[in-house]
Amino acid sequence: MMELLGIPLPEMIDQSRKKEQYFDTDYSPFLIEHPELGILRIPESRSIEKTVPVSDPDFINFIIRCLDLNPKTRFSAREAMKHPFITKQKPDTTK
């Protein structure tokens, strides 16, 4: 997730029961290294647009809003159901 969304806020990290396994005391994530491949997970090293190869900007925005790490700013189910990706008219393929 951090590859796509970046490092969570310190307040969120503090709520984690396993923060010592994943973060240093200064809230820096431990980088996971593979002996042959090098560092595998670098925060904000990938974009959602490249990870989810879809051309629909409403879908990309929907995914970004759903994956928001902060529960205070992430959309609720009610908000998600009102998002343009969900509410837009689907083409009729029965014709």
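Coordinate-derived values only; no laboratory data. Note that this is a predicted model, so its numbers are computed, not measured. Counting neighbours? That spans all protein chains shown, and the Cβs are built from the backbone with ideal geometry, glycine included.
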Phi to ³J(HN,Hα) by Karplus 6.51 cos²θ - 1.76 cosθ + 1.60 over the stretch 40-52, Hz, x for Gly, Pro = 9, 10, 10, x, 6, 8, 10, 9, 5, 4, 7, 6, 10
Using the Karplus equation 6.51 cos²θ - 1.76 cosθ + 1.60 (θ = phi - 60°), what ³J(HN,Hα) coupling, rounded to whole Hz, does each residue of the stretch 68-73 give in order, writing x for Gly and Pro?
-> 3, 5, 8, x, 6, 10
With axes computed from alpha carbons, what is the tilt in degrees of helix 57-66 against the longest principal axis of the chain, rounded to the nearest 10 within 0 to 90?
-> 50 degrees
So how long is each side of the stretch 1-42 along the principal axes, counting just the alpha-carbon atoms, biggest first, in Å?
-> 34, 20, 16
For the stretch 29-79, rounded, prolate or oblate, judged on the Cα gyration tensor with a ≥ b ≥ c (square roots of eigenvalues), a/c < 1.5 rounded, else prolate if a/b > b/c?
-> oblate
Of the listed values [x] -0.69, -0.90, -1.21; [y] -0.74, -0.95, -1.15; [z] -0.60, -0.83, -1.16, grab the one calculated as log10 I(q)/I(0) by the Debye sum over Cα atoms at q = 0.14, 0.17, 0.23 Å⁻¹ from the structure here.
-> [x]
To the nearest 500 deg cm²/dmol, what mean residue ellipticity at 222 nm is calculated for the chain from DSSP H runs of n ≥ 4 alone, each contributing -39,500 (n - 2.57), summed and divided by the residues?
-> -7500 deg cm²/dmol
Figure the gain on full extension for Lys19 and Ile64 (residue separation times 0.36 nm, minus the Cα-Cα span) and round it to one decimal in nm.
-> 13.8 nm
Amide H neighbours of Phe23 under 5 Å, at least 5 residues apart or on other chains, H built in the peptide plane: list them.
-> Phe30
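For Arg46 and Lys82, calculate 0.36 nm times their separation in residues minus their Cα-Cα distance, and state this gained length in nm to one decimal. Provide the component values of the computation, followed by the final result.
On the way: separation 36, 0.36 × 36 = 12.96 nm, distance 2.77 nm.
Full extension from Arg46 to Lys82 adds 10.2 nm.
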Rounded to the nearest 20 debye, dipole of the chain from Cβ charges on Lys, Arg, Asp, Glu = 640 debye
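Report, in debye and to the nearest 20, how large the dipole of the stretch 47-95 comes out about its Cα centre when Lys and Arg carry +1 and Asp and Glu carry -1 on their Cβ.
Values: 9 positive and 6 negative charges, 34 e Å.
Magnitude of the dipole: close to 160 debye.
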